[in-house]
Amino acid sequence: MSLDPSQRVGPQMLNRAFTRLAHVVGYICLCGAILDVVGYQTSAPTALIWPAVFPLSFALAALVLLDRFRTTGYAVAFLVIGGLSQYWFAETLLSHEPSLYSSTLTISLVNVALIMVGGSGFVARTGILWSLAGFSVGQAASVLAALQTRAPIGLDEVAFEIEAALVLVLWIGSRSRARQRTRPQLDRAAIDEEVSALRYRIEGRAAALMHDTVLGHLAAIVSAPEASLRPALKRAIERDLEVLLGEGWLSDPSPELDAQGRSDWRRSAVFAAVQEAREQSLTVEVTGDLAAVGRLDAERDTAAGLAVKQCLVNVLRHAQVEHAEVVIIGAEQEISIMVIDSGRGFSEEHVGVDRLGLRQSVRRRIESVGGGVKLWSTPGRGTSIMLRLPASSVSTEPATVPNG
């Protein structure tokens, strides 16, 4: 489905306008032929040409019905009635003045009116066939009338030129509409691809959020002493419940987020992750270019903070140590954040498929914002995880503030 209404409304309005124009041309031709008959009759009162007005009236009535209903049946009726009317009209004129066939536009006017059936709201390519049918019917009726009255026979050059012009216009219209039909198909494919990517991001974000909150807190509650819930853990659970119950996690952070606020290390999501880990009794030493996190845009800052939070949670749960180090390195085009511990280490290949922390909350989350993750871990020698994220254009003064 196309998002641009003009792609549907525009062609329909153009088609109606062209149909109206074709019918107006038909009205003008038939009325012009009637006026010609009146003029001839006035100039030659004894010629008795006035009966030619009757067939033109029938053709005019058929055009009125076609203009009102615009169906195939009325188009066929217009061609039949128009053909018979042209024969009657031409035979009446030529029986009194055979030279009218080649010396005036009177007979050509009715032929042009029949040609206009090709513009009566049909598909462009079909309209070409209708206009050819109208030209053929009019030409055949004129030739039969000429044969009946022994008048000179010839090609109606005026009607032929107008037919050629109408065919050209309809052909150009068919090419234009073909391109317009292709564009919505391309737009639909692009929309489907965008929706698929959005669904992938939301599913990944939901899985990571669920792991960071519900599963993490359940594990913490299970490992806590019986009937005991530390105040820090309680506050963390309350904060995460507010996040889950809200809908903010579905949307991307606002790009209008204040740059000065992000440049402050203590307002960053990474700082919040470090503080939360410290509240859970983990000693975290922070070193490096702390102000560099201010060069992360809002989305990457949030992703980095949640990924660092998960890394520190893994230290608490699995490393069997009470100390970790976070190192921030600012480069011209990217920011690197390392989380280091000297715990028992592990082998990533041997991590079970049910363990989603590193896969969803760290690796997939960072990769979803254009970053990358590298991991070095040796059993018995600790773990180092490096998060690499593209830096934005926001510039800040380098600062080194040990221990956050």
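The values are calculated or read from the model by the stated rules, or taken from the named source; none is laboratory data. Because the structure is a prediction, the values reported are computed rather than measured. Virtual Cβ from ideal backbone geometry, glycine too; neighbours counted across all protein chains shown.
Summary table below
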item: Selected residue (criterion: nearest to residue 367 (Cα to Cα)) from residues of the stretch 259-314 that are among the acidic types (Asp, Glu) and in a loop (DSSP other than H, G, I, E, B); result: 297
item: Segments classed as strands (runs of 3 or more DSSP E), wholly inside the stretch 315-383, with at least 1 members that are at pLDDT below 85; result: 372-378
item: From 9, 64, 53, residue being at pLDDT 90 or above, more than 15 Å from residue 109 (Cα to Cα) and among the β-branched types (Val, Ile, Thr); result: 64
item: Residue among 43, 2 that is small (Gly, Ala, Ser), modelled with pLDDT under 90 and surrounded by 13 or more Cβ atoms within 10 Å (Cβ to Cβ); result: 2
